[in-house]
Amino acid sequence: MRIKKDMKLADVIQLNYMLIPVIHRFGINLGFGDKTVADVCKENEVDLNFFLQLVNAYHDKDYFPKEELQTIPVKNIVNYLKMTHSSYLNDKLSEIEQKIISLQSEDTEDQKYILLIRNFFEGYKSELTEHIMHEENVVFPYVLAVEEIIKNQNFTERNREIFESFSIGKYEEGHNDVEEKLMDLKTIMIKYLTPPANSTLYHTIIQDLFKLEEDLNYHSRIEDKVLTPKVILMEKSICNLI
């Protein structure tokens, strides 16, 4: 089902609760009553077209806003992805890590199993952080330089250097599945470890891992179906300037 501007935003969330953190990253808080998507976007000074393309890309894995891509500034997409990165690094990962530490601090638990979980999670956290830093320090500066070249229809010395050092194709090739290690951790916890005494906290950690995985899949979809196709089109047009 396609999300449209005249739908009530509350109904949109009922349709897919995983959109709650998405709208929050736009600065939109819950408590909007029966207002439509268009009304809420207007009140919060959020670009309606960008919001609709984003939530639809999150909601429907087959959604590909080919024509709408042309109207969405790359800067808007990058800013949103950066907000998502910040949410992962400052909130989601830390929350899960604190729950694992809490489990480890209980005397009733088998420490060797909890330590295994903690070490595995820290390895995953390190891998995800490295992936995010690559995007922040290499990929995003590149796509912003591409947008600036298109806007000005010429190269600065700095933009030419960035443009010639990278391409979105390299990003696609190196866009490793960072969720693989997360899948391994979930598998270990579900299939191979004896449940600890505090099973409630243990189950909460597993549920948090599933939610993180789902959110990461949505995030990757924005990169793969929105950002990358747009930059590919922009790269083609830049070739005419060279």
Would you mind giving the average projected area, over all directions, of the Cα convex hull of the chain in nm² with one decimal? 15.0
In whole percents, the bins of 5 Å from zero upward hold the Cα-Cα pairs of the range 8-122 as 2, 10, 16, 17, 14, 11, 8, 8, 7, 4, 2, 0
Take the residue pairs K170/K225; K5/K35; K181/K230 and return only those whose Cα atoms are more than 22 Å apart. K181/K230
Which percent of the accessible heavy-atom area of the chain goes to carbon and sulfur, probe 1.4 angstrom? 49
Whole-Hz Karplus couplings 3J(HN,Hα) for the range 125-142, θ = phi - 60° and coefficients 6.51, -1.76, 1.60, Gly and Pro as x, run 4, 5, 5, 5, 4, 4, 4, 5, 5, 5, 5, 5, 9, 10, 5, 5, x, 5
If you fit an axis through the alpha-carbon atoms of helix 48-59 and take the longest principal axis of the Cα set of the chain, what angle between them do you get, 0 to 90°, nearest 10? 40
Restricting to Cα pairs under 8 Å and 6 or more apart, the percent relative contact order of the chain works out to 24
At a 10 angstrom cut-off on C-beta neighbours, averaged per residue, how do the peptides 141-148, 28-35 rank from highest to lowest? 141-148, 28-35
Multiply the residue separation of I20 and T194 by 0.36 nm, subtract the distance between their alpha-carbon atoms, and state the gained length in nm to one decimal. 59.3 nm
Which one of C41, M133, S199 has its Cα pushed farthest toward the positive end of the charge dipole of the chain, where Lys and Arg give +1 and Asp and Glu give -1 at the Cβ? C41
Rank C239, C41 by accessible area, highest first, at a 1.4 Å probe radius? C239, C41
What is the packing order of peptides 56-63, 98-105, taking the mean over residues of other C-beta atoms within 10 Å and listing the highest first? 56-63, 98-105
Asserting the computed 222 nm helical MRE of the chain (DSSP H runs at least 4 long, -39500 (n - 2.57) per run, divided by residue count, to nearest 500) equals -19500 deg cm²/dmol
Can you tell me the length gained on complete extension of the stretch N154 to E67, counting 0.36 nm per residue apart and subtracting the Cα distance? 28.8 nm
Heavy-atom surface of the range 48-141, accessible at 1.4 Å and reported per residue (Å²): 48
Given that compact globular proteins tend to follow 2.2 N^0.38 Å, what is the ratio of the alpha-carbon Rg of the range 9-59 to that value? 0.99
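The values are calculated or read from the model by the stated rules, or taken from the named source; none is laboratory data. Quick caveat, the model's predicted, so the values are computed rather than measured. Every residue, glycine among them, receives a Cβ derived from its backbone with ideal geometry; neighbour counts consider all protein chains shown. Ligands, DNA and RNA are stripped out before the accessible areas are found, and what is left, the full protein with its side chains, is counted by its heavy atoms. Shrake-Rupley method; radii C 1.70, N 1.55, O 1.52, S 1.80 Å.
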